[in-house]
Amino acid sequence: MIEIRFANQEDSTYLAHKDHHIPAEVIAKKIKDGEIIVVLDGRQQIGWLRFSYFWDLIPFMNMLWIEENCRKKGIGKKLVSFWETEMQKQDYDEVMTSTLSDETAQHFYRKLEYKDCGSLLLPDEALEILYLKSLNA
């Protein structure tokens, strides 16, 4: 049974072990601030969505991760949909995310009606594509 909810302290060990992009103290702060959502299969965490705010105004999905053996089952789509609904409840009209141009995730976001809205080119990196989605469509 799939459950999606905001992360709590019980999720911190899993997140600190799996999310190597940010330090454990940042994970703890983001849990406290309600900026990480976890997905569970039964009682086992199988993924998360971590976000912040672009320009301090627009919810921006920084990380979407589903365990390898749980992918291609619609779980990521459900997790993103949960996040979008929560952002609508908080009166946000749009959300953003990004992917590298050499990642297949770009196709996933476009299927979810995210529209290309810009890009960023950093030294020694593939092009970072920015996406925007209206929540009022």
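The values are calculated or read from the model by the stated rules, or taken from the named source; none is laboratory data. Treat the numbers as computed from the prediction; the structure is a model and nothing was measured. Counting neighbours? That spans all protein chains shown, and the Cβs are built from the backbone with ideal geometry, glycine included.
Some values worked out for this structure:
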item	result
Qualifying positions in segment 98-118 - touching a Phe, Trp or Tyr at 6+ places or on another chain (Cβ under 7 Å) and among the aromatic types (Phe, Trp, Tyr)	TYR109, TYR114
Hits in segment 101-137 (condition: touching a residue at least 24 places away in the same chain (Cβ under 8 Å), in a strand (DSSP E or B) and of a type in the set (S, T, N, Q))	SER134
Qualifying residue in segment 45-64 (condition: among the β-branched types (Val, Ile, Thr) and in contact with a strand residue (DSSP E or B) (Cβ under 8 Å, 6 or more places away or on another chain))	yes
Close pairs (8 angstrom Cβ cut-off, 6 or more residues apart or separate chains): touching a residue at least 40 places away in the same chain (Cβ under 8 Å) in segment 73-100, part of a helix (DSSP H, G or I) and not aliphatic (A, V, I, L, M) anywhere	VAL95/TRP83; VAL95/GLU84
Selection from segment 13-57 of residues that are among the hydrophobic types (A, V, I, L, M, F, W, C), in contact (Cβ under 8 Å) with a residue 24 or more places away in the chain and buried (at least 19 other Cβ atoms within 10 Å of the Cβ)	LEU15, ILE31, ILE36, ILE37, VAL38, VAL39, ILE46, TRP48, LEU49, PHE51
Residue in segment 96-104 that is surrounded by fewer than 16 Cβ atoms within 10 Å (Cβ to Cβ), at pLDDT 95 or above and hydrophobic (A, V, I, L, M, F, W, C) present	yes
Matching residues, segment 63-92, being buried (at least 16 other Cβ atoms within 10 Å of the Cβ), β-branched (Val, Ile, Thr) and out of contact with any Gly (no Cβ under 6 Å at 6 or more places or on another chain)	ILE75, VAL80
